[in-house]
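Single-structure report; data block below.
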Amino acid sequence: MANVPVEIKPSFFSIVGFFLPGIVLLGSIGTLAFIRYQQTVESYSSEQPFDTLNHLGILPTAILLVVVVAVAFVIGAMLSDAFSVLRSWIIRPICSTNRKAYLKNVLADESLKKLIHNHATALESYVYMQACALDLHWNAGRVRMLGASGIAWVLTGIAAHFLGFELPTTWGFVALGFVALLVAAFRSHRFDKYLISTAAVLLKRGGPSASSSKIDA
């Protein structure tokens with residue numbers, strides 16, 4: 001049985017990586033739609049939108065909240081998978097040469113001691129193995145969260161254009177989305193290096209079943 005502790009429960013970032021992008025998309029587009037059509041709604045209703053919500057009662061409001069959360073989670077999952085496809089088709093191929101060079105460099109070290117001495121990421125991975133659970137969901141969830149939220153903001157910019165907003169608003173959301181995608185691409189490459197370093201630590205230590213306290217010279 002493996003001695004390396006592995007976190008099998010969904011971590012915070014693993015869940016948020018699916019949920020938050022849906023909240024970002026619904027919240028951003030919903031806010032823009034509210035601003036755009038607020039006067040139109042008020043002209044056909046004698047009450048403010050929030051006053052109408054207060055008059056619904058606890059049970060209808062709770063049902064509405066559950067529906068919104070469910071829709072946000074489904075949309076977030078779709079955006080997360082869309083970024084996963086983008087990562088597989090574009091981001092990882094772009095970083096392929098650098099990733100292969102890093103893999104060759106890490107595996108060139110003759111021992112575990114030299115590996116963790118020469119590479120900070122491998123050292124971090126080794127310490128996590130010894131000190132606490134190695135939760136890869138934490139890293140993968142952050143990548144998905146950032147990338148999917150970036151896609152959500154780009155879609156919000158497109159929606160803002162069709163809702164009749166000015167260019168600063170539309171391009172502001174699009175720019176914010178691309179910034180999030182760039183950060184996600186950077187985190188994606190760092191995550192690949194972390195996986196490579198973890199694999200190298202396991203290989204140099206003789207596999208997951210080897211003694212967790214052994215560091216060869």
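We did not get these values from a lab; they are worked out from the coordinates using the rules stated. Since the structure is predicted, the reported quantities are computational estimates derived from the model, not experimental observations. Cβ coordinates were reconstructed from backbone atoms using ideal geometry, including for glycine residues, and neighbour counts include every protein chain displayed.
Points to keep in mind about this one:
- Cα-based equivalent ellipsoid, the range 12-204: semi-axes from gyration tensor eigenvalues, Å: 44, 20, 10
- Taking amide H as placed 1.01 Å from N in the peptide plane, the amide H of SER111 sits under 5 Å from none that are at least 5 places away or on another chain.
- Rounded to 0.05, the FRET efficiency of the ILE63 and ALA131 pair, given R0 = 41 Å and the Cβ-Cβ distance, is 0.35.
- Here the calculated FRET efficiency for LEU123 and LEU203, from their Cβ-Cβ distance with R0 = 22 Å, stands at 0.90, rounded to the nearest 0.05.
- Label separation (GLU166 vs TYR37): 2.4 nm, computed from points 7 Å beyond Cα along the C-beta direction.
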